[in-house]
Amino acid sequence: AEERGFMFVMNILAFLLCALLLASIVAVVTQAQEDSKVFQENMNLAQNFMARKKIPIALQIKVKKYLHFQHEAKRHQLGSRLKSVINQLSPFLRMKLMLSVHRSTLSFHPFFASMGSVMLAGACAKAESVVFAPGDAVVQRGGQADAMHFVVLGKVQVMGPTMGKGRFAKPTFLTAPSYFGDLGLFTTCSRDSTVIAIEHSELLFISKKMLQELAAEIPAFNTYYSRHVKMVAAGDLIGAGLQCPTCRAMGHAEHTCPKRPSRHHRHSILRRLYSDVNSEKSERTPGSPTRRSGRSPSRAETCEVEESSDTRALVAAGDVRLMRRLQPGMEMRGGAE
């Protein structure tokens with residue numbers, strides 16, 4: 001009798017669990033169908049409006065593509081209703097959630113990657129996601145540079161400043177994980193370039209005002225932010241994390257520098273240098289510190305391999321430990337540590 005009663009209770013619990021899962025699936029499908037219905041109604045409304053106003057066909061197509069891209073982005077990213085739900089969470093839970101969403105993007109910039117977890121969580125909570133259609137101007141040349149953008153999805157084009165006689169600098173195309181406008185977070189300046197979305201793009205936006213609000217909320221970030229502002233004012237853009245130390249360009253971090261050798265290329269360079277060092281050692285007479293020339297080798301000669309351009313590139317790329325592992329007998333100089 002006890003076993004029958006236990007089996008009866010377990011069957012009821014299993015039935016309730018299956019009913020709950022089925023209800024959840026039905027709710028998700030119903031919500032998706034409702035969203036698609038609302039989207040189709042909005043598309044029809046926009047199409048009828050543009051037809052009555054005799055909007056050019058090219059502009060109509062652009063509007064439809066943007067509405068479709070925005071609808072798809074809301075399905076996968078943070079829609080307006082989801083944002084309202086997130087705002088109902090406690091500040092601590094909201095900060096942790098946004099840290100999980102935006103951490104990987106913000107950490108591409110050295111300024112955000114070097115800060116503590118609490119400060120980074122606050123910055124992630126302040127950041128906002130913005131969607132642009134092809135041809136939309138993200139920022140305009142001559143405008144106030146008071147915010148930076150991270151490219152999350154898509155591609156944007158940076159139209160450089162004029163070079164005189166109606167000529168423009170060569171345009172630059174940016175994709176993830178690139179960013180632009182970071183100088184405006186630490187100083188007051190105007191934008192010298194116009195940035196246009198080449199395709200449907202999602203950008204993460206954070207402004208100087210947001211950082212100032214965060215500095216008022218977290219004293220440790222106020223100190224951290226003020227130190228970087230002083231570095232920028234002193235012209236130390238590399239120390240502030242705004243300039244790549246490898247190529248001296250802005251818009252990317254050192255570990256994503258396009259001029260940094262690939263891992264395979266770095267290993268081939270190091271193995272070639274290691275072979276050169278072994279060849280140097282084999283030329284010496286056993287038990288004697290002298291070379292074939294008969295004079296004692298200087299430290300500069302012993303370490304002359306490190307003066308090659310390949311080695312300097314590897315040191316600049318941060319491969320000092322890798323070099324020492326492959327070349328244990330080679331000394332490093334000049335503060336490469």
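The values are calculated or read from the model by the stated rules, or taken from the named source; none is laboratory data. Since the model is a prediction, treat every value here as computed from it, not as a measurement. So basically every Cβ, Gly included, is an ideal-geometry build from the backbone, and we count neighbours across all protein chains shown. All accessible areas refer to the heavy atoms of the entire protein, side chains included, with ligands and DNA or RNA removed. Shrake-Rupley method; radii C 1.70, N 1.55, O 1.52, S 1.80 Å.
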Q) of a type in the set (S, T, N, Q), assigned to a loop (DSSP other than H, G, I, E, B) and crowded, with 19+ Cβ neighbours inside 10 Å - does that describe any residue in the stretch 184-202? A) yes
Q | Some residue of the stretch 4-18 being touching a residue at least 40 places away in the same chain (Cβ under 8 Å) and among the charged types (D, E, K, R) | A | no
(Q) Residue under question is Arg103, and the condition is that it be within 30 Å of Asp35 (Cβ to Cβ), basic (Lys, Arg) and modelled with pLDDT of 85 or more; does it hold? (A) yes
Q. Name the pairs: first residue in the stretch 131-151 and closer than 24 Å to Gln70 by Cβ and touching a residue at least 12 places away in the same chain (Cβ under 8 Å), second residue outside any strand (DSSP E or B) and aromatic (Phe, Trp, Tyr), Cβ to Cβ under 8 Å, at least 6 apart or on different chains?
A. Val131/Phe69; Ala133/Tyr66; Ala133/Phe69; Phe150/Phe108
**Q.** Filtered residues of the stretch 120-132 (kept if more than 22 Å from Thr175 (Cα to Cα) and either in a loop (DSSP other than H, G, I, E, B) or open to solvent by 30 Å² or more (accessible area, probe 1.4 Å) (or both))
**A.** Ala125, Lys126
Q: Scan (1) at pLDDT below 85; (2) assigned to a helix (DSSP H, G or I); (3) open to solvent by less than 50 Å² (accessible area, probe 1.4 Å) for the single condition Pro261 breaks and write down its number.
A: (2)
